[in-house]
Amino acid sequence: MRQIDALKSPRFTQVSTFGRLPLCQKLNDGEAVFIGIPFNDATSYRPGARFGPAGIRQGSRLLRPYNQFMDVYPFDSLNVCDMGDINIIPGYIEDTMKVIEEELLKIDAIPFIAGGDHSITLPILRAMYKKHGKINLIHLDSHYDFWDSYWGKKYTHGTWLRRALEEGILNEVVQMGIRGSVYSKDDVEDSKKLGVKSFTIRDLKYRLKEVLKELPSGKTYVSVDIDVVDPAFAPGTGTPEVGGLTSFEVIEIIRSFNFNIIGFDVVEISPPYDVSELTSMLGANIIFEGLSVLAKRR
Ligand SMILES: [Mn+2]
């Protein structure tokens with residue numbers, strides 16, 4: 001058990017890693033690894049998600065080893081370490097996507113990733129597909145993210161899901177938390193055309209138990225856009241939408257997951273827009289809960 005004991009601790013502790021965990025010493029250290037992807041050049045509104053990994057590490061310092069609600073010690077049972085950040089190429093979305101995919105393919109451990117804007121999820125899913133074949137996606141977000149293009153461009157933080165669907169790398173796709181104004185009625189109807197199960201914020205608030213029964217089982221990737229949470233709880237994000245989940249609700253939803261997590265990301269945290277580290281701390285706790293789900297199923 002990794003106890004933090006002030007008397008037994010070394011005189012100098014590592015302060016800049018996720019959960020104050022050790023840095024990974026080699027490529028395939030640990031059963032699960034924390035990875036930062038500090039890229040935000042595919043953002044359409046507020047920037048700053050490039051500082052998400054640093055913010056989440058900062059917000060993770062108060063995490064303690066035991067999850068009392070899940071009855072697990074996720075860091076210890078999964079031997080988690082911090083890999084550091086992937087070296088992205090500022091200004092070059094598609095080149096960066098190649099780098100992300102290549103780097104993730106080198107790692108056997110289950111990645112818990114801090115973004116970055118949501119465009120990073122496309123190359124992550126490509127890597128997951130190469131490792132596992134077709135996978136399910138649970139997507140917590142206030143936005144559909146399956147627009148065909150923005151400004152005539154195919155690779156943005158609002159189009160990654162359409163690309164992943166076109167590339168045929170996904171089985172079941174379930175979205176949770178959709179809300180806010182959209183461009184047209186087509187957005188709503190596209191979800192059926194694309195075969196995506198989209199649960200709105202009303203579905204989550206009024207009939208969550210039924211929604212949770214419709215989640216897939218089997219190999220599943222989880223992508224959490226922090227804007228699924230209400231800006232009152234998570235103000236530090238790029239495209240906030242009012243009327244969202246509370247921080248308690250998002251954590252309870254994650255605790256209820258009962259499938260095989262093969263990867264997990266928390267994206268769109270923009271520390272420059274944050275207040276009192278609220279959003280960064282929530283992001284760190286969401287990763288802690290995701291690790292706990294994985295540890296619980298071990
Ligand atoms: Mn979003």
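Here, each number is a calculation from the coordinates, and none is a lab measurement. Bear in mind the structure is a predicted one, so any value in this text is a computation, not a measurement. In this analysis, Cβ positions are derived from the backbone assuming ideal geometry, glycine residues included, and neighbour counts consider all displayed protein chains.
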Does segment 16-61 hold any residues that are buried (at least 23 other Cβ atoms within 10 Å of the Cβ) and among the hydrophobic types (A, V, I, L, M, F, W, C), and which are they? Phe18, Ala32, Val33, Phe34, Ile35, Ile37, Phe39, Ala42, Ala49, Ile56
Qualifying positions in segment 219-238 - surrounded by fewer than 19 Cβ atoms within 10 Å (Cβ to Cβ) and aliphatic (A, V, I, L, M): Ala232
Residue within segment 209-218 that is of a type in the set (A, V, I, L, M), within 16 Å of the ligand (Cβ to nearest atom), crowded, with 17+ Cβ neighbours inside 10 Å and under 22 Å from the mean Cα position of the chain (by Cα) present: no
Being buried (at least 18 other Cβ atoms within 10 Å of the Cβ) and charged (D, E, K, R): is that true of Glu268 here? yes
Quick one: is Asp187 part of a helix (DSSP H, G or I) and away from the ligand (no atom under 16 Å from the Cβ)? no
When residues of segment 230-274 are limited to those that are in a helix (DSSP H, G or I) and among the β-branched types (Val, Ile, Thr), the one nearest to the ligand (Cβ to nearest atom): Val250
With (1) in contact (Cβ under 8 Å) with a residue 24 or more places away in the chain; (2) of a type in the set (Phe, Trp, Tyr); (3) closer than 22 Å to Val293 by Cα as the list, and Tyr92 as the residue in question, which single condition is left unmet? (3)
How many residues, within segment 142-158, are assigned to a loop (DSSP other than H, G, I, E, B), over 24 Å from Ile253 (Cβ atoms) and in contact (Cβ under 8 Å) with a residue 40 or more places away in the chain? 3
Which ones in segment 227-259 are within 21 Å of Ser119 (Cβ to Cβ) and of a type in the set (Asp, Glu)? Asp227, Glu241
